[in-house]
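The values are calculated or read from the model by the stated rules, or taken from the named source; none is laboratory data. The structure presented is a predicted model; accordingly, all values stated were derived computationally and were not measured. Heads up, the Cβs are rebuilt from the backbone with ideal geometry, glycines too, and the neighbour counts pull from every protein chain shown. All accessible areas refer to the heavy atoms of the entire protein, side chains included, with ligands and DNA or RNA removed. Shrake-Rupley method; radii C 1.70, N 1.55, O 1.52, S 1.80 Å.
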Amino acid sequence: MARWGLAFAKLPATDDPFIIVATVVLSGFLVLGVNNNVVSSRLFPNNASVTKQDTAAPQQPAQVVFGRIMRRSPQPLTLLNYGSIDMGFYTAAGAVPNTYYFQNYNIPEQDAPQILRGQRATIRHRKVEWVVLNTPAKKTLRTWTGDPYHKGQITGGNLNPGTRVIAQSLTKNYRLVARHTQSFESVNVTYRLYQRRAR
């Protein structure tokens, strides 16, 4: 096949086919064999990169699972990804952010308190139809206070700075629709999807 490819390419006589084939093979190995971004792509819908360490059954990413749920709703697609970097939830749902602070960044809360303050107000005033958030797999909404060593900051696994501060407001205004635990950056993370309660 390599010989056919080289014959088809009609290389000048001065080019060394061995060097070209070796470069193509090495490039393919580096892209597919070393870099795991390919297996985290849409080419692998049941994705080993997000599957929990304690299960052999491949999982789909939370973004795909939650996006499917949100798109089935007749309500307008408004979403807040509370306390962490987006991770593709808006894209998977087809939602366009309608609030200024629609995601958090990897900086301490004390350096930009307006971000989480704005997100908490969004939940309190029911400004979005859907809220996505995460906690470590073994923590609940009311027990996750964030990493004590990185107070008010996103930590490994893209974990938010803590959900305990919004637990009461969130459960008053929103109902839990889905929960999905998966691995991210070698941390088992539970994502939760909430929908605004009817008045």
Got at least one residue in the range 139-151 being part of a loop (DSSP other than H, G, I, E, B), at pLDDT below 90 and on the phi < 0 side of the Ramachandran plot?
-> yes
Residue within the range 107-123 that is part of a helix (DSSP H, G or I), within 25 Å of Pro61 (Cβ to Cβ) and open to solvent by 80 Å² or more (accessible area, probe 1.4 Å) present | no
Tell me which residues, restricted to the range 124-154, are among the hydroxyl-bearing types (Ser, Thr, Tyr) and open to solvent by less than 20 Å² (accessible area, probe 1.4 Å).
-> Thr135
